[in-house]
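Take a look at the structure set out below.
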Amino acid sequence: MTRAWVLHPEIRSDPDRRTPKPALDEAVALARALPQLEVVGADVVPLRTVDAGKLFGKGKIAELHDTLKEAEVELVLVDGPVSPVQQRNLEKTWGVKLLDRTGLILEIFSDRAATREGVLQVEMAALNYQRTRLVRAWTHLERQRGGLGFVGGPGETQIEADRRAIDEQLVRLRRQLDKVVKTRALHRAARAKVPYPIVALVGYTNAGKSTLFNRLTGAEVMVKDMLFATLDPTMRSLVLPDGPEVILSDTVGFISDLPTELVAAFRATLEEVLAADIVLHVRDISHAETEEQAHDVREILTSLGVDKDTRTFEVWNKLDLLAPDTAEAMRQRAERDADVIAISAITGEGLEGLQTAVAEALQGAVRVAEISLDFSQGRKRAWLFEQDVVEHETQTETGFDLVVRWSARQEAQFQAL
């Protein structure tokens, strides 16, 4: 086990700074998500300004040096961005390894990715991160290779060589990833032929999505009280009571300040959200920063390009963790809003109402239409039967008159044929 210490710099000049205590708690939870780390301490470090060379001021660095030495700390985790120069200077001063928030999240993702695509995406994100951190670790420019400089230019510095090696590896990974993505596109096309609506679970990490997923589907997706317990997309069919059969999709948990490389990296799991007929935004209603977390989730959904017209329900989870009077107040608030359902995935409270709401929303999204096709449109007719949406068909002199029952998504797919 590696002994780790977590620091959350509270930069007072930053108008977007988060409330320090919950931010530190989240950073500690991130650290504990790596099984090989033992978190032996954590501090909020108030800062008026950021020191360009060492992040913290001299006094604070000296104070932390003594604290870290006494606790026999081997790794310091800084909950925020740390420049390569700051990292190198702090590591040298404190005699420890140091990771910033992005580096830590990359470590967690690398530890958890299970699918081939997930592994490739994490590797690419890690390489992009390393590439930005190639700085002149040596103080002179003499370290070169590739000639003495007399012929063909001045040779190649070590940094340029390292950067070129990373770029070559990125090209190789992209080629592999393209193959995986093509395979997934084929799987998605096959799935599109199944006339089941997609219901996607989204939410802040550790909001209880996987617990809810397991409770509804009887699956055994990994559930732990840790951040990023679920990374790769998981899908199961679910028959709603008195309603249609749906595909339920569990997705990666969102987090504030998620490295942009990783939002792109896990597009695979988030693509299911883009294709969803209904989005269930699962919230940990017992969390002190539930509103801020919900805001972060909405911002990420918008940045992904999720259609604003996609029906979305807010699922207020973890009622069982609230005091009885607070839980009752939440139930009453949810009852007044058709787009909010209060539940406990642990006790099962509210799950029947949730399934009923989803079924009613889907039934409302299905409508009956009449279509006329001529004999030359055999492909379109075959597609309608594949989708199992044809209620009635009559042959005419020029083709077929059909009565179909379909969703807006299926109609759009038909028009695109």
Qualifying residue in the stretch 256-263 (condition: at pLDDT 95 or above, of a type in the set (D, E, K, R) and under 30 Å from Ala125 (Cβ atoms)): no
Residue match in the stretch 277-286 (condition: of a type in the set (Val, Ile, Thr), surrounded by fewer than 16 Cβ atoms within 10 Å (Cβ to Cβ) and either at pLDDT below 95 or in a strand (DSSP E or B) (or both)): no
Residue in the stretch 308-342 that is nearest to the chain's Cα centre (by Cα), counting only those that are without any contact (Cβ under 8 Å) to a residue 24 or more places away in the chain and in a loop (DSSP other than H, G, I, E, B): Lys308
Subset of the stretch 289-307 [outside any helix (DSSP H, G or I) and surrounded by 13 or more Cβ atoms within 10 Å (Cβ to Cβ)]: Glu289, Val306
Criterion violated by Pro241 - all others in (1) in contact with a helix residue (DSSP H, G or I) (Cβ under 7 Å, 6 or more places away or on another chain); (2) at pLDDT 70 or above; (3) crowded, with 16+ Cβ neighbours inside 10 Å satisfied: (3)
Cβ-Cβ under 9 Å pairs, at least 6 apart or on other chains, the stretch 162-185 side closer than 12 Å to Glu123 by Cα, far side modelled with pLDDT under 85 and not in a helix (DSSP H, G or I): Ile166/Leu134
Count - residues of the stretch 353-399 that are touching a residue at least 40 places away in the same chain (Cβ under 8 Å) and small (Gly, Ala, Ser): 5
Of residues in the stretch 217-227 being more than 27 Å from Glu292 (Cβ to Cβ) and either part of a helix (DSSP H, G or I) or among the acidic types (Asp, Glu) (or both), the one modelled with the highest pLDDT: Thr217
Residue in the stretch 300-311 that is over 30 Å from Asp100 (Cβ atoms) and either at pLDDT 95 or above or assigned by TED's automatic domain parsing to the domain that holds Gly103 (or both) present: no
Selected residue (only one of Ala345, Ala361 is of a type in the set (Gly, Ala, Ser), outside any strand (DSSP E or B) and within 22 Å of the chain's Cα centre (by Cα)): Ala345
Residue count for the stretch 55-80, restricted to those that are in contact with a Ser or Thr (Cβ under 7 Å, 6 or more places away or on another chain) and part of a loop (DSSP other than H, G, I, E, B): 1
Members of the stretch 16-50 that are of a type in the set (A, V, I, L, M, F, W, C), in contact with a helix residue (DSSP H, G or I) (Cβ under 9 Å, 6 or more places away or on another chain), under 19 Å from Leu104 (Cα atoms) and not in a loop (DSSP other than H, G, I, E, B): Ala27, Leu30, Ala31, Leu37, Val39, Ala42, Val44, Val45
Any hit, the stretch 315-323, residues being modelled with pLDDT of 95 or more, charged (D, E, K, R), surrounded by 15 or more Cβ atoms within 10 Å (Cβ to Cβ) and on the phi < 0 side of the Ramachandran plot: no
Single residue of the stretch 186-208 satisfying the filter (at pLDDT below 80 and aliphatic (A, V, I, L, M)) that is nearest to Val246 (Cα to Cα): Val194
Number of positions in the stretch 366-387 that are surrounded by 14 or more Cβ atoms within 10 Å (Cβ to Cβ) and within 27 Å of Thr310 (Cβ to Cβ): 6
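For every residue, the table says whether it meets (1) closer than 28 Å to Ala125 by Cβ; (2) surrounded by 17 or more Cβ atoms within 10 Å (Cβ to Cβ); (3) assigned by TED's automatic domain parsing to the domain that holds Pro22.
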residue: Val39; (1), (2), (3): yes, yes, yes
residue: Pro46; (1), (2), (3): no, no, yes
residue: Ala52; (1), (2), (3): yes, no, yes
residue: Phe56; (1), (2), (3): yes, yes, yes
residue: Ala71; (1), (2), (3): no, no, yes
residue: Val78; (1), (2), (3): yes, yes, yes
residue: Pro84; (1), (2), (3): yes, no, yes
residue: Thr102; (1), (2), (3): yes, yes, yes
Flag if Leu47 is under 23 Å from Glu292 (Cβ atoms), touching a residue at least 12 places away in the same chain (Cβ under 8 Å) and over 29 Å from the mean Cα position of the chain (by Cα): yes
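The values are calculated or read from the model by the stated rules, or taken from the named source; none is laboratory data. Everything numeric in this text was worked out from a predicted model, so none of it was measured. Note that we place each Cβ from the backbone using ideal geometry, even for glycine, and neighbour counts take in every protein chain shown.
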